[in-house]
Amino acid sequence: MESVESQIAEWRAYVAEAPGVNGRDVDELEDHLRYQIAELNAAGLTADEAFLVAVKRMGDLDDLSREFAREHSGRLWKQLVLRGGDEPARASSGWLETIVFAVAAAVVVQVARLAADFPDEEPSWLARNLSLFVLPFLAGYFARRRQLEIRQWLPTAAPFALAALVVNLYPWGADSATEDLVALHLPVVLWFAVAYPYMDGTVRSHERRMDFVRFTGEWFIYYVLIALGGGVLMGLTAAILEPTGVDPELIAEWVLPSGAAGAVIVAAWLVESKQRVVENMAPVLTMLFTPLFAVMLAGAAVVYAVTGLGGAFDRELLGTFDALLLVVLGLVLYGMSARDPSESPDWMDRIQLVAVVSALVLDVMVLGAMIARIGDLGFTPNRTAALGLNIVLLLNLAGAAWLAARFLTGRSRLHRLERWQTAYLPVFALWAAAVVVILPPLFAFD
Amino acid sequence: MHIDKDLVAASATPLVLAILAEGESYGYAILKRVRALSGGELEWTDGMLYPLLHRLDRLGYVTTEWRTPREGRRRKYYVITHRGRAALADQQRQWVTITRALNDVWPGSDVLLTALGEA
């Protein structure tokens with residue numbers, strides 16, 4: 001039996017290599033294999049023969065791996081081999097188109113900066129158009145990478161064209177608050193527009209939506225890393241050039257905007273092709289920060305509730321809390337997308353629930369304060385946008401908390417929770433679009 | 001007798017659900033039951049059962065649990081859920097309809113419906 005054990009171990013290692021198959025699956029398959037071997041042994045076959053027959057019955061590993069991959073497409077995301085089955089992964093290729101799109105975005109941003117004479121002048125058209133200078137290139141990059149069909153070009157380009165028309169044809173008033181809101185919300189709208197080419201047009205697929213969430217989280221991590229590295233590089237360059245009399249300000253003016261724009265495309269390329277690197281890092285980061293945020297949120301919820309500070313939210317604090325709630329939502333969403341759905345509830349799910357419930361409590365308090373302000377002072381563009389955002393968040397968090405609690409008590413499946421979140425994504429997109437398109441005319445572009 | 005691949009695939013879900021409706025089970029036992037039920041005529045590739053079981057799990061038709069029996073290795077058990085039973089009932093209706101239709105165009109053979117116990 002000694003040799004069969006080593007054969008099984010070898011087989012096990014071989015199966016574990018297959019894309020789409022994880023450790024638990026291998027355990028299950030090995031259990032099956034051992035049964036089969038034992039039964040064949042009992043029927044009179046030698047150990048070697050029994051092993052060979054059992055492996056043969058298990059089926060072709062490529063087919064099996066593809067079947068597993070199809071079922072667990074979330075895992076397969078790691079290997080990027082599902083498309084077309086035999087098509088080789090195009091991991092290393094594509095750097096040329098990446099550079100072309102990145103340089104294009106960098107140049108456009110630079111031209112816009114020169115036209116606006118930033119930073120000496122700060123015309124408001126620059127801020128509200130900024131995402132329109134960069135994100136179309138990201139959409140174009142994905143349209144090319146996914147090789148979209150011609151009929152898919154229109155839905156890819158339409159949001160950008162419409163956005164460009166809306167933000168530039170609206171007759172903005174001077175020092176317009178709605179204009180500032182547009183500058184803040186348009187990037188969100190356009191990011192969702194990038195989802196269309198990213199998902200190859202299959203926007204109804206919940207699995208692909210989850211992929212996009214995962215992409216967003218990993219893109220963010222890569223972008224922050226690039227920004228950190230770029231910051232160090234620029235700092236050192238400035239220090240080295242200082243004795244030569246070059247103004248460090250000048251470097252920042254020229255390099256920073258273009259670098260930030262190009263990095264948007266480069267980060268997307270890194271997520272697509274250097275998947276494994278960030279994949280090892282991202283779950284660790286979520287695991288590290290989810291508990292910390294949960295503690296912080298729970299603490300804040302208790303303190304604000306006990307001291308009654310909740311009623312005294314002022315404008316600054318409201319903004320901070322909105323940002324905080326969005327970060328929590330991002331963490332929860334990303335944590336979910338990086339999770340293996342077949343695992344049963346563990347301590348991380350409990351901590352996430354603590355974070356979500358605390359965020360919910362805080363959101364209710366924020367909402368209360370906000371409604372009180374609106375009752376006292378009436379609607380303004382800022383208050384309306386903040387109120388809408390908080391209602392959208394409140395519904396999402398309430399649904400997530402309810403489903404997470406049911407999941408933890410074994411009365412519902414994680415799948416339901418994922419569905420809730422992926423089905424909710426368009427609500428965020430629609431709200432952001434409403435702030436860009438509907439809110440300004442409502443408040444007479446003030 | 002060779003059974004067409006598509007037919008094997010189409011019958012896999014109702015078969016597995018029906019076996020689990022008899023009581024909780026694990027992969028190897030399910031496969032043995034399939035062989036016994038079909039008199040060895042239904043040839044499944046063993047490995048393919050598992051992606052199927054995982055899909056049923058994702059759809060909420062079954063729940064799973066890893067357990068270690070006293071004498072043996074850790075093993076994953078599958079238990080049919082309420083939704084799984086509903087899906088099974090739905091599948092049964094579909095198969096009865098198909099069987100009845102086939103029965104009607106194959107004159108002189110009541111074999112199918114008798115086998116289904118649904119004449």
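Each value in this text was obtained by applying a stated rule to the coordinates, not by laboratory testing. These numbers were taken from a predicted model, which means no experiment stands behind them. Because the Cβ atoms are built from the backbone with ideal geometry, glycine has one as well, and the counts that use them run over all protein chains shown.
Overall, the anisotropy analysis places segment A:135-284 in the oblate class: the square-rooted eigenvalues a ≥ b ≥ c of its C-alpha gyration tensor yield a/c not less than 1.5, with a/b not exceeding b/c.
Residues of segment A:357-376 with an amide N closer than 16 Å to a point placed 7 Å from the Cα of A:Val303 along the Cα-to-Cβ direction: A:358-359, A:362-363, A:366. A straight line joining the Cα centroids of segment B:22-39 and segment B:44-91 runs 12 Å. Take the Cβ atoms of A:Trp254 and A:Thr320, set R0 to 35 Å, and the FRET efficiency comes out at 0.60. Taking 0.36 nm per residue of sequence separation and removing the Cα-Cα distance, the A:Leu288/A:Trp153 pair yields an extension gain of 44.5 nm. Against chain A, whose longest principal axis comes from its Cα atoms, helix A:23-42 is set at around 10 degrees. Annotation: amide H-H contacts under 5 Å for A:Asp446 (H modelled 1.01 Å from N, sequence separation of 5 or more, or interchain): A:Thr178. Shown for A:Ile438, A:Ile37, B:Ile19: other C-beta atoms within 10 Å of each C-beta, ranked fewest to most, produce the order A:Ile438, B:Ile19, A:Ile37. Compared with the dominant Cα axis of chain A, that is its longest principal axis, helix A:95-116 is turned about 10°. The residues A:His32, B:His2, B:His54, A:His415, when put in order of fewest to most other Cβ atoms within 10 Å, stand as B:His2, A:His415, B:His54, A:His32. Using the rule -39500 (n - 2.57) for each DSSP H run of four or more residues, divided by the residues of chain A, the 222 nm mean residue ellipticity is -27000 deg cm²/dmol. Between A:Asp175 and A:Thr409, the FRET efficiency estimated from the beta carbon spacing at R0 = 60 angstrom works out to 0.70.
The ranking of A:Asp117, B:Asp6, A:Asp322 by Cβ neighbour count inside 10 Å, starting from the fewest, reads B:Asp6, A:Asp117, A:Asp322. Spacing of the modelled spin labels on A:Asp117 and B:Glu41, each 7 Å from Cα toward Cβ, amounts to 8.8 nm. Projecting the Cα atoms of B:Ser25, A:Ala432, A:Leu326 onto the charge dipole of the protein assembly as shown, computed from C-beta unit charges around the Cα centre, puts B:Ser25 farthest toward the positive end. Counted residue by residue at 0.36 nm each, then reduced by the alpha carbon distance between them, the extension gain from A:Ala16 to A:Ala434 reaches 145.7 nm.
Label chain B by shape, choosing from rounded, prolate and oblate, from the square roots a ≥ b ≥ c of the eigenvalues of the Cα gyration tensor; if a/c is under 1.5 it is rounded, and otherwise prolate applies when a/b is larger than b/c, oblate when it is not. The shape class here is prolate.
Taken residue by residue and averaged, Cβ atoms of other chains lying within 10 Å of the Cβ of A:20-32 number 4.
When both segment A:12-38 and segment A:387-446 are represented by their alpha-carbon centers, they are found 40 Å apart. If you sort the three axes of the alpha carbon gyration tensor as a ≥ b ≥ c, you get a/c of 1.5 or more for the protein assembly as shown and a/b above b/c, which makes it prolate.
Ordering of A:356-364, B:26-34, A:201-209, A:327-335 by packing is A:356-364, A:327-335, B:26-34, A:201-209, highest average first (other Cβ atoms within 10 Å, averaged per residue). Here's how it looks for B:Tyr77: its modeled amide H is under 5 Å from those of B:Glu65, B:Trp66, B:Arg67, which are all 5 or more places away or on a different chain. Helix screen, chain B: no DSSP H segment has Cα axial length of 30 Å or more and mean Kyte-Doolittle hydropathy at least -0.5.
Measuring r between the beta carbons of A:Arg419 and A:Thr244 and using R0 = 51 Å, the FRET efficiency lands at 0.30. Principal-axis analysis of the Cα atoms of chain A puts helix A:153-169 at an angle of about 20° to the longest axis. From most to least packed by mean Cβ count within 10 Å, the peptides A:17-29, A:237-249 give A:17-29, A:237-249.
Distance from the alpha carbon centroid of segment A:121-182 to that of segment A:194-237 works out to 18 angstrom.
For segment A:127-132, 3J(HN,Hα) computed residue by residue from phi via the Karplus equation (6.51, -1.76, 1.60; θ = phi - 60°) reads 5, 6, 9, 3, 5, 6 Hz, glycine and proline entered as x. Taking every residue in B:48-57 and counting other chain Cβ atoms within 10 Å of its Cβ, the average works out to 6.
Peptide A:50-60 has a mean of 2 when you count, residue by residue, the C-beta atoms of other protein chains within 10 Å of its C-beta.
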